[in-house]
Amino acid sequence: MSWRTGSHGVVLTAYHPSGGAGDSPGGFQSKRRQDRNKYRRSGQYTMNHDHSKKIPDGASFDRSGSQDSLDELSMDDYWKELENIHETRGNNHEERVALVVKEPDEGELEEEWLKEAGLSNLFGESSGDSLESVVFLSTLTRTQKAAVEKRIETVTQTMRKKNKQHQIPDVRDIFRLQNDSKGKVCDGSEPSTVRTSENKNETHDGTKGPKFSVGTDEQKSLPEDMPSSDTDINLEISFSEQAANLKDSSVGKMYKGGGGDTLLPNFRLPKDKTGTTKIGDLAPQDMKKVYSLALIELTALYDILGTEFKQQKAVKIKTKDSGLFGVPLSLLLEQDQKKVPGTKIPLIFQKLIAQIEETTLETEGLLRIPGVATRVKGLCQELEAKFYEGTFNWENVKQHDAASLLKLFIRELPQPLLTVEYLKAFQDVQNLPTRKQQLQALNLLVILLPEANRDTLKVLLEFLQRVIDHRDKNKMTLKNVAMVMAPNLFTFHGFGSKTIEQSEFVMAAGTANIMRFMIQYQKLLWTIPKFIVNQVREQNQKKEKKDKAMKKLLKKMAYDREKHEKQEKTRNDTDVPQGVIRVQAPHLSKVSMAIQLTEELKAGDIVARFLSQKSGNVQTLKKEEVFLYEIGGNIGERCLDDDTYMKDLYQLNPNAEWVIKPKQS
């Protein structure tokens, strides 16, 4: 790969088969072997790719990046995969379109970041209308606020230099309302609290309502009742706050594990009685808030750990507007949804995985042994012509060919599966000091991916785990699969470093390590941290207070309607005594039921109770098809996991409605 400067920024071009001496597949492989042996002898190929990053002073972290985790692991599978990739490209005589990554001007990066975080109305022409943002800011933790302040300050200085004529806020004014003597915000309530109050229904301002645990300004150390195990992932306290506390402490020791990291730590999520929230469990309006909070939290985490966080931007280039390979993921899904409405994973991607699994996952060297390059190229062309017509003969596709086509599909995406914006941030995970922090960063990055990319990545990781489950037969361990797949996800054809030696060899161990993490901990990565969900709840609760004030005005204008609603409310209060919730199930034969809350009652118990009710109607829904939902109050909509303790959740959101319904795919 090479770099050159263009009018739009940096142009990154892929290997070209006609490129010069040593660039032919054979010459490339010979040079690669020589360089690989040189790096193996020097030990440099397992080093972290960025030694310029410094850990903040005072931190006594153990390093857990590539240098202490892959020194003893063979990298041969990685290099062989790169050789196979280059051979495939060498057989493709079409010039690859260069991907142009725009180099942002001073302050432009921070301005774009604020827009992505939903805070664009803090500056520019709309800066006067920032009340909603002030409420949003009031729910942030200490470290999150610091990240926002840093970006606002940069944008402010840039605007002043450019003499922009619209209102430029002072960063001190933006946070002034949260930093007065009592730390109160515009609606009279205080900033986010550290721990759930003993009186769960009373807030700082004396009004009734739950308090939410997110970690804030007042937090100097982790609460004593927080999980203390090195392998427990604490989702109740902001990750960046945990990192700041670890940095401030004199210990800073984290679990390293044994066996040269051949076995990764058995990280786990301690049980949350109010239920675990997965990506896909929340309504779109709440997921939008989750995205903004995750971006701010990831930035704050990287800031605390001394790792630069920069979102890349690709200048729009012409891409294929139809076909299978080299088509943008969103466009591919659009054409697939015309064939199969509602599909969220590209049909060709699903079919290739199914084709691989149809034979057996016990084939030795599966994913590692490539298909015959000329045959794969022919199959690719035939698929382009016949796949959507339904005339392609899948019996002609050998298993190793299907695996090669699957990897080719990933590599040929016009923009990487991990996105242009976040590919570098994924790569930089290897620079974070501890494995737990690496996992936390990956969790936030997965949340930030566009839905199509995230869903496709999830299906890929689940498939890779199924391959690993047959490792006794196919000889493909977690390490082997990670080595083979890392080049396909991380050495995207439009990205690279200034020389092959500096990018691929030095990055190899780190990206392979990240790939191992993504496969091993995939179930954890699709979890939305509780502290973020609680911040969403707090935002919704404050918005609800404003909505109630508006409703009072509307009621004065519609007295009769208000009287009717009051009568309905009185009847409902009579129907549902204290300690009882009314659950609706419009899709089931028993459409409504009053449920007595007990200490041990779980969401799954309520669903099972409804499904056990028989009637004349034919019941077609099964237990795994329907879920209990928490709707309204301080959350838009949330699908509950079966192990949610209902009494605890009711105390957190007493104004919610409870509905059983199928989960939307």
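Please label the shape of region 349-397 as rounded, prolate or oblate, based on the square roots a ≥ b ≥ c of the eigenvalues of the alpha-carbon gyration tensor (a/c under 1.5 means rounded; beyond that, a/b larger than b/c means prolate, else oblate). Oblate, since a/c reaches 1.5 and b/c is not below a/b. Each label was represented as a point 7 Å from its Cα along the Cα-to-Cβ direction; for residue 157 and residue 398 these points are 6.0 nm apart. Between residue 248 and residue 600, full extension at 0.36 nm per residue minus the direct alpha carbon distance yields a gain of 122.8 nm. Computed extension length for residue 545-residue 663: 39.5 nm, one decimal, from 0.36 nm per residue of separation with the Cα-Cα distance subtracted.
Computed extension gain for residue 475 through residue 625, at 0.36 nm per residue and net of the alpha carbon distance, reaches 50.4 nm. Summing charges over all other residues whose Cβ lies under 11 Å from the Cβ of residue 638, with Lys and Arg as +1 and Asp and Glu as -1, gives -3.
For the pair region 264-306 and region 339-353, the centres of their Cα atoms are 28 angstrom apart. Say R0 is 25 Å: what FRET efficiency, to the nearest 0.05, do residue 359 and residue 381 get from their beta-carbon distance? The calculated FRET efficiency here is 0.65. What does the net charge come to around residue 465 if you take all other residues with beta carbon closer than 12 Å to its beta carbon, with K and R at +1 and D and E at -1? Residues close to residue 465 contribute a combined charge of +3. Shape of region 396-482 from its Cα gyration tensor (a ≥ b ≥ c, root eigenvalues): rounded if a/c is under 1.5, otherwise prolate when a/b > b/c, or oblate? Note, shape of region 396-482 comes out oblate. Taking the Cβ of residue 485 as the centre, find all other residues whose Cβ is under 14 Å away and add up their charges (Lys, Arg: +1; Asp, Glu: -1). Once positives and negatives cancel, what remains is +4. Among 627, 531, 136, the order of accessible area from largest down is 627, 136, 531, computed with a 1.4 Å probe on protein heavy atoms. Model label sites at residue 308 and residue 283, defined 7 Å from Cα along the beta-carbon direction, differ in position by 4.2 nm.
When only Cα pairs below 8 angstrom with a gap of at least 6 residues are kept, region 577-664 shows a relative contact order of 35 percent. About the centre of its Cα atoms, region 577-664 shows a dipole size close to 420 debye [charges on the beta carbon of Lys, Arg (+1) and Asp, Glu (-1) only; nearest 20 debye].
Let me know the shape class of region 577-664, please: from the alpha-carbon gyration tensor, a ≥ b ≥ c as square roots of the eigenvalues, rounded when a/c is under 1.5, otherwise prolate if a/b is greater than b/c, or oblate. The shape class here is prolate. Per-residue 3J(HN,Hα) values for region 483-491, derived from phi via the Karplus relation 6.51 cos²θ - 1.76 cosθ + 1.60 with θ = phi - 60°, read 4, 6, 7, 4, x, 6, 9, 10, 9 Hz in sequence order (x marks Gly and Pro). Pairs with C-alpha atoms separated by more than 28 Å, drawn from the list 386/473; 458/661; 344/530; 161/288, are 386/473; 161/288. Rolling a 1.4 Å probe over the protein chains gives residue 138 an accessible area of about 0 Å². Taken along the Cα-to-beta-carbon direction at a fixed 7 Å, the label points for residue 76 and residue 273 span 5.5 nm.
The values are calculated or read from the model by the stated rules, or taken from the named source; none is laboratory data. Computed from a predicted structure; not experimentally measured. Neighbour counts run over all protein chains shown; Cβ positions are idealised from the backbone, glycine included. All accessible areas refer to the heavy atoms of the entire protein, side chains included, with ligands and DNA or RNA removed. Shrake-Rupley method; radii C 1.70, N 1.55, O 1.52, S 1.80 Å.
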